[in-house]
Amino acid sequence: MPTPLVLRHCSQLEPPARQAVEVLADSLPRLTGRPVQPVADLESPTRLVIGETPSGSPDAALAQVQHDGYVLWPGQRGLLLAAHNAKGLLNAAYGYLAWLGVLWPKPGVEIIPQRAKLHFPREPILRTPAFSRRGVFHSQSPAEWPQWCEFYARLQFNEVSVHGAPGHWDKYRQVAERYGITLQLGGHGLSSLLPREEFSAHPDYFRALQPPDFDRARQPDSNLCPGSPEGLALVRRNACEYAKAAPGARVYHLWADDLPAGGWCYCSRCMGLPPQDQAILASNAVAEGVCLADPQAKTAHLIYHDTLEPPRVVKPHPALVPLYAPRERCYAHALNDPACARNRWHRENLERVLDYFGRREWLLFEYYSDYILFRAMLPVMPEVVAADLKYYREQGLDCAQHLLVGTVVGLLLNLHVFAELAWDLDADPWAPLKRLAKEVPGLLPAWRLQAKASYRWLDLSDWPLDRYFDYRFLIERPVRQSRACRRQVLRAARDLDAAWAALPADLLAWAERERLSLETSAGICRQMEAQMEMLEELGRCAGREDRWEQAGAAYRRAVNLATPIGKAFRRAGLPKAYFFGLERLLETIWREKVTGRPKRACR
């Protein structure tokens, strides 16, 4: 029987440090074939030793490390793992396993390489994260939380926002504590703080749809009247109760309704205030309520849709932190790319918003892993993620997060890139994908082609800024511009076909869905081209040409192109894929467009 490998630790450990011991005790035997014998004989609760204790002291090296960073201090027959805190020790455990070649491509999957003996680095490894707080906005089901939380810890995240209500809060906290992950909580919850049943007794709490000289009617449909002191008082009380029901969150998210425009008030008190000022008034009331429950907690104010521009008059509460969510930006370019007109507008307004808030702490809600925004596709954009994070760090961001909407197809490649760069802004953005693809011939070339295709269809640089749309809902454009975009998406489809062809016949189980991702993405790009043709023809109709038949033919082609995509999802056993819900919605919108032909033809 092989000689046991000694794993020394302190007898009194915080949960993340205990998890570090468990992780090493579980993974190292599978990696080396040697059993691991934990021994509680160290004094420091933030140090572990694998094998023999190395000579020398890591103290000087550790002094160069910040936050939940760590030091791997090697010797000839042993390795010392050292950190400032228990979370850092868990990061060190995962960092060492990653150095040994262990991979975690997705939740619940760990790939252990076959090695004959244990290896240690030749030189000390020092790791300090570029962002002290790193993570995602988590939107998966509560039942999947333990598996996802472990995955986030493996990616060395330390702060996750649970995108939902506080119903399962205790479970979320218990699991997160084990992995040293701090939690945020919430979402679009402002309307819930002003119950709609209050409308019959207190209509003045709710928004006025039109200015007083047009219509004094109030509407209980969205948000509230931020000019109503009584309405704001109710919001304040309910925000306090919300925070009490889910104690211990670092940030509470109780955002305004998810509307691109039209959710605010035009009464005599509010009509002079633009949406961004009205939103601050409402968020201030939420922050006051949250602070009553927890004076240390922060409240997020969503910079999104019609609040992307800075407020003009209203000053934010001290506990209110801006949360930047640039949904309508262009993802073919970095946010600070001077060549991208759309992103230039977003960047300029972000910097004005940060100035308005006094350059205080701020939060990020990016969309790199949002399966919904990207039309049921998963774009690959390592270079954009890398450039974005550098820019955001320059603007003082220290809590880097982005939205993760779970998908049934493909690996979350941008998530791996994001996790790598959140530690090292100068790292090769393709490095984590190269590691994942190392043992699968054809996978990395396929991903490079997928990235090439992504940058083609993601390019929205010159799309107009005066109308709301995102990657799902394209808009009518002039013929010359539309045809250029159509050529791009067809080229993207061919790139995706080539990527699909580059995959080996037999993929490992953890990568099998990459084939489905490429196949369906190519089909969706072809459908986008047909949609663009339809919109182009409708635009020509608006320009007084009779092109209704051509628009109808393009509509039917777009609908028919959905058939093979749907079949591919069903063959994979995924009848509830997001694509189907989006397809029904788009078909309704397109049908309304092409059947809207006036009784008298345009001449």
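Listed here are the residues, each with its yes/no results for (1) among the acidic types (Asp, Glu); (2) more than 30 Å from residue 432 (Cβ to Cβ); (3) buried (at least 22 other Cβ atoms within 10 Å of the Cβ).
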| residue | (1), (2), (3) |
| --- | --- |
| 296 | no, yes, no |
| 309 | yes, yes, no |
| 321 | no, no, no |
| 331 | no, no, yes |
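Only residues in segment 358-371 that are more than 23 Å from residue 312 (Cβ to Cβ) count as the first member; pair them with residues that are assigned to a loop (DSSP other than H, G, I, E, B) and hydroxyl-bearing (Ser, Thr, Tyr), Cβ under 7 angstrom, at least 6 apart or cross-chain, and list the lot.
371/407
Residues 114, 76, 64: which one is over 28 Å from the mean Cα position of the chain (by Cα) and under 30 Å from residue 410 (Cβ atoms)?
The conditions single out 114.
Could we say that residue 405 is surrounded by fewer than 22 Cβ atoms within 10 Å (Cβ to Cβ) and at pLDDT below 95 here?
Yes.
Is at least one residue of segment 261-281 part of a strand (DSSP E or B), of a type in the set (A, V, I, L, M), at pLDDT 95 or above and under 24 Å from residue 329 (Cβ atoms)?
Scanning segment 261-281, I find no residue that is part of a strand (DSSP E or B), of a type in the set (A, V, I, L, M), at pLDDT 95 or above and under 24 Å from residue 329 (Cβ atoms), so the answer is no.
Got a sec? Which strands (runs of 3 or more DSSP E) wholly within segment 77-184 have at least 1 residues that are touching a His at 6+ places or on another chain (Cβ under 9 Å)? Give the steps one after another, and end with the answer.
Numbers: elements: 78-83, 125-127, 133-138, 159-163.
In segment 77-184, the matching strands (runs of 3 or more DSSP E) lie at 133-138, 159-163.
If you go through segment 113-127, how many residues are touching a strand residue (DSSP E or B) at 6+ places or on another chain (Cβ under 9 Å) and not aliphatic (A, V, I, L, M)?
First pass over segment 113-127, keeping only residues touching a strand residue (DSSP E or B) at 6+ places or on another chain (Cβ under 9 Å): 113, 118, 120-127.
Filter again for not aliphatic (A, V, I, L, M), leaving 113, 120-124, 127.
Here the count works out to 7.
Consider residue 535 against the criteria (1) over 30 Å from residue 104 (Cβ atoms); (2) surrounded by fewer than 16 Cβ atoms within 10 Å (Cβ to Cβ): it satisfies all of them except one. Which criterion is unmet?
Condition not satisfied by residue 535: (2).
Does segment 339-346 contain any residue that is surrounded by 20 or more Cβ atoms within 10 Å (Cβ to Cβ) and of a type in the set (Lys, Arg)?
Checked against the condition, which is being surrounded by 20 or more Cβ atoms within 10 Å (Cβ to Cβ) and of a type in the set (Lys, Arg), segment 339-346 yields at least one hit.
Could you pull out the residue among 250, 236 that is farther than 16 Å from residue 193 by Cβ, surrounded by fewer than 23 Cβ atoms within 10 Å (Cβ to Cβ), at pLDDT 95 or above and of a type in the set (Lys, Arg)?
On inspection, the qualifying residue turns out to be 250.
Run down 332, 386 and say which single residue is over 22 Å from residue 305 (Cβ atoms) and not polar (S, T, N, Q).
386
Tell me which residues, restricted to segment 193-204, are under 34 Å from the mean Cα position of the chain (by Cα) and either at pLDDT below 95 or crowded, with 16+ Cβ neighbours inside 10 Å (or both).
193, 194
So, of the residues in segment 117-156 that are modelled with pLDDT under 95, outside the structural domain of residue 61 (by TED's automatic domain parsing) and not aliphatic (A, V, I, L, M), which turns out to be nearest to the chain's Cα centre (by Cα)?
139
Do we have any residue at all in segment 64-75 that's under 15 Å from residue 24 (Cβ atoms), assigned to a helix (DSSP H, G or I) and out of contact with any Asp or Glu (no Cβ under 8 Å at 6 or more places or on another chain)?
No.
The values are calculated or read from the model by the stated rules, or taken from the named source; none is laboratory data. These numbers were taken from a predicted model, which means no experiment stands behind them. A quick note on method: Cβ atoms are made from the backbone with ideal geometry, for glycine too, and the neighbour counts reach across all protein chains shown.
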